[in-house]
């Protein structure tokens, strides 16, 4: 197990190296940040000075070396827009997004588990059809539109919830619901199909022949084994927090890392964007590792060698 | 035995064939058909242009509501542009962008998957590391970065969608190639001295083509959603090109007074993605039910 974790961690480092290389290359190949910083009437002298200040006058290999040296010290440069270290801004905004994550998780699990279990239990019958259709529908609905629809229903029509910002606990409901529903759909579908697989297995038949009540079989024998997809999607949800929140934070004016990334893209704040992409990749690699390790605990048959 | 059954039960056989046809997902096919017709014949379906403005008519509600006008069946947006016309023309944008991206990403991913799976070794290692790295980026983030750095344009969106999509095909196809590369027909092709290119094109490609079609059809819906998200965020497609995502974004500011500006284009996205997904499920069940997990 330890060797497995070590190997995966090493693989992650290699992947991360490729990611940073791509990020670095993209930044130098496309668009010159100096042009964006300076007004149109800037002199050639200003131009050179800024270039020197940003270290862009050095050979590309040296720039790469400096980039990695600083990155290992936790210094990813200053944001062009905020004129402050990007890591500082990141850690300032990160808690806001992190606070949203458990709520999204709760909502998606709260929807997916009951629906998935019901659908599997009533396979092919009416409740299954309803639940499956809801999941298919949920997967097809773009989350930005869902957010806008929720704002109309709850903030404009019924006036019970705020349309944006993060003032008070009520503000968490709509963003949480929007993100939660889009994750619940795929979670429910996976849960349903893995429940079906487990229900037709030998040990469930044995449990049934022993005369155990259905409820016991469902909870003790099937659920635990069927939980694997929930862990998978849950991990994906956290790993994709950036991508998911990018849209939802934009819709609900939520001051987290999603909104920050969106701003970084549109202001061409390259150092900031660079940091966001690297953070997103680290989160993704880390969560995938955590999910794989959790599999081992949930299902002792999965052994890593 | 089978011959007699065949001759005796000609009528039941045709009923079976009919039922097989009936299992076609009719509603999704109908909606996809409408999308394609709208995309192909947009100028014939509506006399107006998507950017025709009429400021006095701005935010006209849909025709069934109080104040609605028959010229604007689904209402007008904040600049007095007909929403129905814009939805029809956006179908064209979606069909072109998503269609091109799907084909390019699919073809590229298929080729790389076959190369990685069949050649193995360094080529495989190299391709798969790039696949891992590109899958370590959240889709939307990567597409957004690309779309903004490349500047607005239809091609930009196509490129961004291809870059975020190809790796999925490569991964699945490589796995399939690994499982067929040691089949008898392949080893005998090797033993009679076929070139590697011939083996990959003639002996491997047909074996993985079903899987490829399944991944293609299962992916199409997600691709359309990514396109819609990009245009909602205002990245990629030029402002004067109507898109469903862009229309939802336009209406966001007027959600309190004119919900129809955002509602109908969003509904169009949902219906189309839903249909494409259901159609994809049908293709998968027909061609390769093993791939249910995808």
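Could we say that residue A:277 is without any contact (Cβ under 8 Å) to a residue 40 or more places away in the chain and under 17 Å from residue A:80 (Cα atoms) here? Here the answer is no, as residue A:277 does not meet what is asked. Return yes when residue A:255 is more than 11 Å from chain B (Cβ to nearest Cβ), part of a loop (DSSP other than H, G, I, E, B), without any contact (Cβ under 8 Å) to a residue 40 or more places away in the chain and out of contact with any strand residue (DSSP E or B) (no Cβ under 9 Å at 6 or more places or on another chain) and no when it is not. No. Within segment B:191-207, is even one residue within 10 Å of another protein chain (Cβ to nearest Cβ) and touching a residue at least 40 places away in the same chain (Cβ under 8 Å)? Scanning segment B:191-207 turns up no residue that is within 10 Å of another protein chain (Cβ to nearest Cβ) and touching a residue at least 40 places away in the same chain (Cβ under 8 Å). Taking (1) surrounded by fewer than 18 Cβ atoms within 10 Å (Cβ to Cβ); (2) within 11 Å of another protein chain (Cβ to nearest Cβ); (3) farther than 29 Å from residue A:119 by Cα in turn, residue A:153 satisfies each apart from (3). Please go through segment B:129-143 and pick out each residue that is crowded, with 23+ Cβ neighbours inside 10 Å and more than 9 Å from chain A (Cβ to nearest Cβ). Answer for segment B:129-143, where residues must be crowded, with 23+ Cβ neighbours inside 10 Å and more than 9 Å from chain A (Cβ to nearest Cβ): just B:143. Considered as a group, the residues in segment A:75-125 that are touching a strand residue (DSSP E or B) at 6+ places or on another chain (Cβ under 9 Å) and touching a residue at least 12 places away in the same chain (Cβ under 8 Å) include one that is farthest from residue A:271 (Cα to Cα), and that residue is A:75. Counting the residues of segment A:215-231 that are assigned to a helix (DSSP H, G or I) and either touching a residue at least 60 places away in the same chain (Cβ under 8 Å) or under 17 Å from residue A:300 (Cβ atoms) (or both) gives 11.
Looking only at segment A:69-91, residues that are assigned to a helix (DSSP H, G or I) and on the phi > 0 side of the Ramachandran plot come to 0 in all.
Each residue in segment A:258-276 was checked for being within 10 Å of chain B (Cβ to nearest Cβ) and either within 15 Å of the chain's Cα centre (by Cα) or within 22 Å of residue B:248 (Cα to Cα) (or both), and 6 of them qualify. Among the residues here, residue B:146 qualifies as within 18 Å of residue A:23 (Cα to Cα), buried (at least 19 other Cβ atoms within 10 Å of the Cβ) and within 11 Å of chain A (Cβ to nearest Cβ). Residue B:126 passes every criterion in (1) surrounded by fewer than 22 Cβ atoms within 10 Å (Cβ to Cβ); (2) more than 20 Å from residue B:239 (Cα to Cα); (3) in contact with a helix residue (DSSP H, G or I) (Cβ under 8 Å, 6 or more places away or on another chain); (4) within 14 Å of chain A (Cβ to nearest Cβ) apart from (3). Elements of the type helices (runs of 4 or more DSSP H) sitting completely within segment B:78-186 and holding at least 1 residues that are more than 20 Å from the chain's Cα centre (by Cα) and at positive phi: these cover B:121-135. Of the residues in segment A:161-178, at least one is surrounded by fewer than 23 Cβ atoms within 10 Å (Cβ to Cβ), without any contact (Cβ under 8 Å) to a residue 40 or more places away in the chain, more than 20 Å from residue A:236 (Cβ to Cβ) and within 14 Å of another protein chain (Cβ to nearest Cβ).
Residue under question is residue A:102, and the condition is that it be out of contact with any helix residue (DSSP H, G or I) (no Cβ under 8 Å at 6 or more places or on another chain) and surrounded by fewer than 16 Cβ atoms within 10 Å (Cβ to Cβ); does it hold? Here the answer is yes, as residue A:102 does meet what is asked. Tell me, please, whether a residue that is free of Cβ contacts under 8 Å to residues at least 60 places away in the same chain and part of a loop (DSSP other than H, G, I, E, B) can be found in segment A:186-202. Yes, segment A:186-202 has at least one match.
Yes/no per residue for (1) out of contact with any strand residue (DSSP E or B) (no Cβ under 8 Å at 6 or more places or on another chain); (2) at the interface with another protein chain (Cβ under 9 Å from one of its Cβ atoms); (3) at pLDDT 90 or above:
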| residue | (1), (2), (3) |
| --- | --- |
| B:226 | yes, no, yes |
| B:239 | yes, no, no |
| B:242 | yes, no, yes |
| B:247 | yes, no, yes |
| B:268 | yes, no, yes |
| B:276 | yes, yes, yes |
| B:280 | yes, no, no |
| B:285 | yes, no, no |
| B:292 | yes, yes, no |
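The values are calculated or read from the model by the stated rules, or taken from the named source; none is laboratory data. Since the structure is predicted, the reported quantities are computational estimates derived from the model, not experimental observations. Neighbour counts run over all protein chains shown; Cβ positions are idealised from the backbone, glycine included.
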